[in-house]
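> One structure follows; several queries about it will come next.
The values are calculated or read from the model by the stated rules, or taken from the named source; none is laboratory data. Quick caveat, the model's predicted, so the values are computed rather than measured. Quick reminder, even Gly has a Cβ in these numbers, built from the backbone with ideal geometry, and neighbours come from all protein chains shown. For the accessible areas, the whole protein counts, side chains as well, though only heavy atoms, and no ligand, DNA or RNA atoms are used. Shrake-Rupley method; radii C 1.70, N 1.55, O 1.52, S 1.80 Å.
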Amino acid sequence: MKLVALSFLLGATLIFLLSTLWQSAGAPGWVGYLRAAAEAGMVGALADWFAVTALFRHPLGIKIPHTAIIPNRKDALGDSLGEFVGTNFLSEQVVRNRLRNVGVARRLGGWLAAPDNAERVTSELATMVRGLMTVLRDEDVQAVLEQAVVRRVVEIPWGPPLGKLLTGVFADRSHHKLVDLLCDRAYEWVKDNHGTVLGVVSDRAPTWSPKFVDAMVADKVYGEVLSFAWAVKTDVNHPMRTAVDRFLIEFARDLQTDPTTMERAEQVKHQVLEHPEVQNLIGATWSTAKRMLLDAAEDPSSELRRRVRDGLITLGTRLVEDPTLREKVDGWVEGAAAYVVLNYRDEITTLITDTVARWDAEETARKVELQVGRDLQFIRINGTVVGAMAGLLIYTVAQLII
């Protein structure tokens, strides 16, 4: 394009020279019009060549003021470009309007509703899970669990919340099934351990007591114990059951109000959490969860991947068919984008200005010229043509006046 633009200048120059020589040899009057057009075309071509060249370099290497604009003002142009982008493209209203017109939720829903796309997203999620599991070290995860879970549990007193929970359970009489189970087991134990009960009574009898008397007493005690256990088992209103209920209710109340009971609950809590088995349980829990996740992620037919895939398809269908959900999702997307624009617009525009600042000045000018230089050469061509027409018009008017 430079050669084309130069050819116009050379053509106008050649016409000017030929018409000048012809006029000196006595050419007809119309040659003057041709000479004036060619002369003005030369001036227009040279002026526009200077203007275009001055953008990228010093014309003919002469450091004329206000030339080589892009190399000299590269950083200022980068700042202006960043400010322009930030003002006109990264404003909250522009972003919101654009996202609202795009309809992100509907498009996303239509894409996710396709089974192949849902399977693709599931596979990518599985790859991310495998990568994450590979990067994470077991000891780091265990340390995080201890920091985030165990220490948090330690910081919270157990007494009041546990007492409140138990109060609700006891008020609803939900504990009666457990009491029934304990009573059943106690009765079964007494029934099945006749010899044990007799042995305990006999061992506590005086040494001078006859053996047959000990046996009679032990048998009588066993019968009473068995009867008592049967009564507690069968009678839901038995005084023993009432005493247990009263004790449990008082214990739940003490967990919330009695400093001594609360302190003992804290001691039990620390003993439990500091026990080696509990620490081992945390590590084992992570190892088990990690192994299950990896197995499920690697198996395309696993229940986890199937549920994720079906969930994505369901979500996509709802986004297409449910305008309320679609409106909510669009609102979330707009809000997130607006938050990013409002809080990180300067960082985004700084990326532009810093990138331009790192460019070499001459290299920048060359890159810009390669991108837009072709169109700029049309300015030189148009300058030649428009200049020739203007020169012809001026010469014609001059001739008419004279």
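> Per the helix-only calculation at 222 nm, which mean residue ellipticity applies to the chain, given -39500 (n - 2.57) for every DSSP H run of n ≥ 4 and division by its residues, nearest 500 deg cm²/dmol?
Numbers: 19 runs with 341 residues, N = 402.
Taking each H run of at least 4 residues, the total per residue is -28500 deg cm²/dmol.
> Also, I was wondering about something else. Given a 1.4 angstrom probe, what's the average accessible area per residue across the chain, in square angstrom? Intermediate results must be reported in sequence, preceding the final value.
Values: 26730 Å² over 402 residues.
With all protein chains present, the chain gives 66 Å² per residue.
> While we're here: Apply the Debye scattering formula to the chain, with a single equal point scatterer on each alpha-carbon and no solvent, then give log10 I(q)/I(0) at q = 0.13 Å⁻¹.
The Cα Debye sum returns log10 ratios of -1.22.
> What ³J(HN,Hα) values, in whole Hz, does the Karplus curve 6.51 cos²θ - 1.76 cosθ + 1.60 give for segment 342-349 when θ = phi - 60°, with x put for Gly and Pro?
Whole-Hz 3J(HN,Hα) from phi for segment 342-349: 5, 9, 10, 4, 4, 5, 5, 5.
> Quick one: grab the alpha carbon gyration tensor of segment 15-94, order the square roots of its eigenvalues as a ≥ b ≥ c, and give me rounded if a/c is under 1.5, else prolate or oblate depending on whether a/b is larger than b/c.
Values: a/c = 8.49, a/b = 2.71, b/c = 3.13.
Note, shape of segment 15-94 comes out oblate.
> For LYS367, which lysines qualify as cross-link partners when the Cα separation must be under 23 Å and same-chain residues fewer than eight apart are set aside?
LYS2, LYS63, LYS74
> At most 16 other Cβ atoms within 10 Å plus a DSSP loop assignment makes a site exposed; report the longest stretch of the chain without any exposed chymotrypsin sites (Phe, Trp or Tyr not before Pro).
Values: sites that count: PHE89, TRP208, TRP359.
After excluding every exposed loop site, the longest remaining stretch is 209-358.
> Report, to the nearest whole %, how much of the accessible area of the chain belongs to carbon and sulfur atoms, 1.4 Å probe, protein only. Kindly include the intermediate steps, with their values, before the conclusion.
Working: 16990 of 26730 Å².
The computed percentage sits at 64.
> Give me the net charge of LEU3's neighbourhood, meaning all other residues with Cβ under 13 Å from the Cβ of LEU3; Lys, Arg count +1, Asp, Glu -1. Could the numbers behind the result be given before it?
Details: positive: LYS2, ARG374, ARG380; negative: none.
With Lys, Arg at +1 and Asp, Glu at -1, the neighbours total +3.
> Further question on the same structure: Report, to two decimal places, the Cα Rg of segment 258-402 normalised by 2.2 N^0.38 Å (N = number of residues). Walk me through the numbers before you get to the answer.
Details: Rg = 36.5 Å, N = 145, 2.2 N^0.38 = 14.6 Å.
Output field value: 2.50.
> Then there's this: Roughly what angle does helix 159-171 make with the longest principal axis of the chain, taking Cα atoms, 0 to 90 degrees, to the nearest 10?
Rounded to the nearest ten degrees, it is 60.
> Report the net charge of residues surrounding TYR344, where surrounding means a beta-carbon distance below 15 angstrom and charges are Lys +1, Arg +1, Asp -1, Glu -1.
-3
> Report the full-extension gain for the segment LEU165 to LEU325: residue separation times 0.36 nm, less the Cα-Cα distance, to one decimal in nm. Don't jump to the answer; show the numbers that get you there.
Details: separation 160, 0.36 × 160 = 57.60 nm, distance 3.65 nm.
Value of the extension gain: 54.0 nm.
> Once phi is turned into ³J(HN,Hα) by the Karplus curve 6.51 cos²θ - 1.76 cosθ + 1.60 with θ = phi - 60°, what whole-Hz value does each residue of segment 249-264 show in order, with x for glycine and proline?
With coefficients 6.51, -1.76 and 1.60, one gets 5, 5, 5, 5, 5, 5, 4, 9, 10, 8, x, 5, 5, 5, 5, 5 Hz.
> Pull up the cross-link candidates among the aspartates and glutamates for LYS220, meaning alpha carbon to alpha carbon under 20 Å and not fewer than 8 places away within one chain.
The reachable aspartates and glutamates, counting only those whose Cα sits under 20 Å from LYS220, are GLU188, ASP192, ASP203.
> Can you give the accessible area of VAL4, probe radius 1.4 Å, in Å² rounded to 10?
Its accessible surface works out to 60 Å², give or take rounding.
> Additional query: Report the FRET efficiency, 1/(1 + (r/R0)^6), for ALA284 and LEU132, where r is their Cβ-Cβ distance and R0 is 22 Å, rounded to 0.05. Before the final figure, lay out the partial values.
Details: r = 20 Å, r/R0 = 0.91.
Efficiency at R0 = 22 Å is approximately 0.65.
> Using 0.36 nm per residue, how much length does the chain from LEU14 to PHE251 gain when fully extended, once their Cα-Cα distance is taken away?
On the way: separation 237, 0.36 × 237 = 85.32 nm, distance 11.39 nm.
So the extension gain works out to 73.9 nm.
> A follow-up question, please. Once the piece of chain linking LEU77 and GLU266 is laid out straight, how much longer is it, given 0.36 nm per residue of separation minus the C-alpha distance between them? Display every interim value, and only then the final one.
Details: separation 189, 0.36 × 189 = 68.04 nm, distance 6.68 nm.
The LEU77-GLU266 span can extend by a further 61.4 nm.
> While we're here: Between exposed trypsin sites (Lys or Arg not before Pro) in the chain, where DSSP calls loop and at most 10 other Cβ atoms lie within 10 Å, what's the longest gap?
Working: sites that count: LYS63, ARG137, ARG173.
In short, 174-402.
> Right, next: On a 0 to 90° scale, report how tilted helix 115-135 is relative to the longest principal axis of the chain, with both axes built from alpha carbons and the result rounded to the nearest 10.
70
> Taking R0 as 51 Å, what's the FRET efficiency between ASP295 and GLU92 from their Cβ-Cβ distance, rounded to 0.05?
On the way: r = 46 Å, r/R0 = 0.89.
After rounding to 0.05, the efficiency reads 0.65.
> Round to the nearest 10 and give me the degree value, 0 to 90, for the angle of helix 176-192's Cα axis relative to the longest principal axis of the chain.
Long axis of 176-192 versus the principal axis of the chain: about 40 degrees.
> Need one word for segment 321-402: rounded, prolate or oblate. Basis is the Cα gyration tensor (sqrt eigenvalues a ≥ b ≥ c); a/c below 1.5 gives rounded, then a/b vs b/c decides. Provide the component values of the computation, followed by the final result.
On the way: a/c = 4.48, a/b = 2.19, b/c = 2.04.
Verdict is prolate for segment 321-402.
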